[in-house]
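Following: one structure in structure tokens, then a few remarks.
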Amino acid sequence: VGEAVQLARDEQGRAFVVCVADTIAPDLYKQLVRTRSGDWVKWQTCVQELRDLVAGLKSADMRQPTAKVLSFAASKGGVGNTTLALETAIYLATRRKRGSPRVAILDLNLQGGTLADALDIEPRFDIAEIAGRPERLDEQLIDVFTSRHSSGLDVFASPAHSTGMDDLDPQIVFAFIDSLSSRYDAILLDLPQHRLPWTDNLLQGADVIVVSGGSHVPALRRLTAKLAHLQTLAIPESRLAAVVNHCSVDLLGRFSHRAEIERALAGHRTFFVRRDCDAVGGASNVGGSLMQLMPNSRVCRDIKRLAEWVETASGGRTLQLDSAARSESAA
Ligand SMILES: Nc1ncnc2c1ncn2[C@@H]1O[C@H](COP(=O)(O)OP(=O)(O)OP(=O)(O)O)[C@@H](O)[C@H]1O
Ligand SMILES: [Mg+2]
């Protein structure tokens, strides 16, 4: 079954993997279904169930693009996870070469993240509203949860909660992401630094994972630990990148200790982003983004390199082509 899950992940969007077995471990079943490219049927009832499955797949609008899920996971607090996710989202949302990709960013710091503050918008994504009543989740409620940014990016930002969200049913989070997936070409997830019962599942279902970290030795340790954890989840390297943010640079603008850091990260794909408090702080002071306000600053160019990779690794051209195909069919 483990191999079936892997196959479903690798062939996502191209093939549908059906695992026929009398029993299946609940954990593996969850992983298989989360790929959205696989399901399990029992031997005893497999003839009928296979028929139903095929009929279901046929009736689903196969041309309807489902969103790529791009996860940004912090290895430590304050390393710029939200900033990097946000700037990447704005980069993708404003790529208008072929159609306009529909891009959303979802703040999963459910106790209250900083995404809304960074963009100076009102946070409207209050998952507590649907926590006990998932049946309330419909198109209208999704609209209520959406904050629209001038870049074209749709933002789902959590308001601060005084009570804990620790007992939140993870299925609510998955159901919400699923309900967004036919609306968007890409959904970026700003994940909390701490591990929650549902974050590993989200990481496994993601098309691309960016792990953010800092450049000092303790921060690098946290970053390597997080990357090691992702390896235990069997995340393919092709979907994974590490970002070392807040890097200092020398007089020529080269990243300090680059070689040592790369050695410490042992062959993982790594991007470096310089510390530039004037540019990053200046943009956030006016509720804007670097991509819009200072696209030619060096720190923005560092983030652009990451964003370009995210676009390519997530099927790059597909993002563009999906939106182009949509504009054509709408025409
Ligand atoms: N490259 C950078 N240069 C200078 N300042 C930066 C840089 N990246 C992020 N910052 C600043 O660092 C602070 C923390 O950034 P951010 O909120 O994105 O981090 P985070 O990892 O999401 O933090 P949290 O753990 O609170 O979620 C913010 O004030 C942000 O403006
Ligand atoms: Mg954050």
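Once both labels are positioned 7 Å from their Cα atoms along Cα-to-Cβ, the gap between Ala128 and Leu168 label points is 1.2 nm. If only the Cβ of Lys and Arg carry +1 and only the Cβ of Asp and Glu carry -1, the dipole of the chain around its Cα centre is close to 1160 debye. Starting from the Cα of Trp43, move 7 Å in the Cα-to-Cβ direction to define the label point; list residues of segment 1-25 whose amide nitrogen is under 13 Å from there. Under 13 Å, as judged by backbone N against the label point of Trp43, lie 20-24 of segment 1-25. Of Ser151, Leu191, Ser212, which is farthest on the positive side of the dipole of segment 113-227, counting Cα position, with +1 on Lys and Arg Cβ, -1 on Asp and Glu Cβ, and the Cα centre as origin? Farthest towards the positive pole: Ser212. Across the accessible surface of the chain, with the other protein chains kept in place and a 1.4 Å probe, carbon and sulfur atoms take up 52 percent. With a Förster radius of 45 Å applied to the C-beta separation of Arg263 and Arg183, the computed FRET efficiency comes to 0.60. Per-peptide packing, taken as the mean over residues of other Cβ atoms within 10 Å, places 173-181, 274-282 in the sequence 173-181, 274-282 from highest down. Among Gln171, Gln193, Gln204, the residue with the largest mean-square fluctuation in a Gaussian network model of the chain, with springs joining Cα atoms closer than 10 Å, is Gln171.
Just add up the charged neighbours of Val299: K/R +1, D/E -1, any other residue whose Cβ is under 13 Å from the Cβ of Val299. Here the charged neighbours net out to +2. A simple spin-label model places the labels of Ser150 and Glu135 4.3 nm from each other, with each point 7 Å out along Cα-to-Cβ.
Build a GNM of the chain with springs between Cα atoms under 10 Å apart, and of Val244, Val33, Val47 the one that fluctuates most is Val47.
The values are calculated or read from the model by the stated rules, or taken from the named source; none is laboratory data. Because the structure is predicted, anything quoted here is derived from the model rather than measured. Virtual Cβ from ideal backbone geometry, glycine too; neighbours counted across all protein chains shown. Protein only, heavy atoms only, side chains kept; ligands, DNA and RNA dropped before computing areas. Shrake-Rupley method; radii C 1.70, N 1.55, O 1.52, S 1.80 Å.
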